[in-house]
Each structure stands twice: as C-alpha cells, then as structure tokens.
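Enquirer: Pasting a structure here, questions to come.
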Amino acid sequence: MLRRATRVHPAGHRPTHAAAGTVTLAFDDRFRRRIQLNDDSGEPFLLDLARAVVLNDGDALELDDGTWIAVRAADEDLAEVTCATPETLARIAWHLGNRHLPVQIAGAAVRLRWDHVIVEMLQGLGADVVRLRAAFTPEAGAYAHHDH
C-alpha cells in the first residue's frame, strides 16, 4: 500500500521523532496538492493535501502512519542579478515583473531561473548576472495566501 502524506509541518515545527526519510524537490515540485513522489531513498509516496501549498526547505510531510519525511529544496540553475545603482535594479525588477517571471530576493540581488534570452536582456539593461546552482524559493506574490 502506498504511503500517503496528508499534512505539512512548517520548518522548525516538525515532529522530533519517527523520521521516515527526506525528499529533495525543485520549486515546481514543491508547489503541489496531489502527486506521487519518491523519497530520496527511492521509496514512493503520495502527496495528498487538502489544497496546494508551497513546501519550503525544512518543512516536514506527515505520513498516514505517523512518520514524517523532511523536505529539502533542490539546487536549480539560476541567474543572480545585481546592479550598480538602485535605479537600474528598479528598472530590472520592473522588466522581470512585466514578464511575470518568478523571482527570489536574495539581499541586494534578484534570483530567477536561468534563461539565456532573459539574461541577455538583463545584461543589455545594465545588470550584472552570475550563473549559479542554488535552491529557488520565489516570492509568493501580493495575492498569495500567507498561511502555511
């Protein structure tokens, strides 16, 4: 019988016993309601939540047998964008928002999924862009629910 994960515990509030493993997921797989997944050891389980939620690095999925699986954010191919002036950064942010691209704010930098066409546009607008591999957790947006 397939294990079912029916509840999410936010990072820092997960159970302290009965760990059943980990699952490492890219952002697109961390925003789901129902999907069959495999944990990091290859064992299948069904994510079966009442509604879609963003699973963050460090969250825990409670399985129907009382055990839990820790969520890890997978490293993804990202562009980290910085600018010499606040005005250039504001212009860059406007262009990214105008294209409805998911972005993550990382201090004075903006991160987004690597896309060579977008990167060329950003460089043409005066941005400095570095390619890196890191976990990607974009901003939820103004109309997102702020509960977990």
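Enquirer: Being buried (at least 16 other Cβ atoms within 10 Å of the Cβ) and modelled with pLDDT of 90 or more: is that true of Ala60 here? Reasoning before the result, please.
Expert: Numbers: buried (at least 16 other Cβ atoms within 10 Å of the Cβ): yes; modelled with pLDDT of 90 or more: yes.
The answer is yes for Ala60.
Enquirer: Can you pull out every residue in the range 81-97 that is crowded, with 18+ Cβ neighbours inside 10 Å and either over 13 Å from Arg111 (Cα atoms) or not aliphatic (A, V, I, L, M) (or both)?
Expert: Cys83, the sole residue that qualifies.
Enquirer: Looking only at residues that are touching a residue at least 40 places away in the same chain (Cβ under 8 Å) and part of a loop (DSSP other than H, G, I, E, B) in the range 14-57, which one is surrounded by the most Cβ atoms within 10 Å (Cβ to Cβ)?
Expert: Ranking the candidates gives Leu55 first.
Enquirer: Moving on to the next point. Name the single residue, out of those in the range 1-16 being in contact with a strand residue (DSSP E or B) (Cβ under 6 Å, 6 or more places away or on another chain) and farther than 13 Å from Asn56 by Cα, that is modelled with the lowest pLDDT.
Expert: Ranking the qualifying residues of the range 1-16, first place goes to Pro15.
Enquirer: Here are the criteria: (1) surrounded by fewer than 11 Cβ atoms within 10 Å (Cβ to Cβ); (2) in a loop (DSSP other than H, G, I, E, B); (3) at pLDDT 95 or above. Tell me which single one Val117 does not satisfy.
Expert: (2)
Enquirer: Taking the criterion of being touching a helix residue (DSSP H, G or I) at 6+ places or on another chain (Cβ under 8 Å) and within 14 Å of Arg3 (Cα to Cα), would at least one residue in the range 45-65 satisfy it? Lay out the reasoning, then the answer.
Expert: Start the filter on the range 45-65 by keeping residues that are touching a helix residue (DSSP H, G or I) at 6+ places or on another chain (Cβ under 8 Å), which leaves 54-56.
Then keep just the ones that are within 14 Å of Arg3 (Cα to Cα); that gives none.
Within the range 45-65, none of the residues are touching a helix residue (DSSP H, G or I) at 6+ places or on another chain (Cβ under 8 Å) and within 14 Å of Arg3 (Cα to Cα).
Enquirer: Among the residues in the range 2-11, are any touching a His at 6+ places or on another chain (Cβ under 9 Å) and part of a loop (DSSP other than H, G, I, E, B)?
Expert: Yes.
Enquirer: Which of the following residues is in contact with a Cys (Cβ under 9 Å, 6 or more places away or on another chain) and assigned by TED's automatic domain parsing to the domain that holds Val130: Ile92, Ile105? Before the answer, list the steps.
Expert: On the way: Ile105 fails: in contact with a Cys (Cβ under 9 Å, 6 or more places away or on another chain).
Exactly one of Ile92, Ile105 is in contact with a Cys (Cβ under 9 Å, 6 or more places away or on another chain) and assigned by TED's automatic domain parsing to the domain that holds Val130, namely Ile92.
Conditions tested, residue by residue: (1) more than 25 Å from Val103 (Cα to Cα); (2) modelled with pLDDT of 95 or more.
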residue: Ala18; (1), (2): yes, no
residue: Leu25; (1), (2): no, yes
residue: Arg32; (1), (2): no, no
residue: Leu37; (1), (2): yes, yes
residue: Val54; (1), (2): no, no
residue: Asp64; (1), (2): yes, no
residue: Arg72; (1), (2): no, yes
residue: Ala79; (1), (2): no, yes
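The values are calculated or read from the model by the stated rules, or taken from the named source; none is laboratory data. The shown structure was predicted, so the numbers you read here are calculated from the model rather than taken from an experiment. We place every Cβ from the backbone using ideal geometry, glycine too, and count neighbours over all the protein chains shown.
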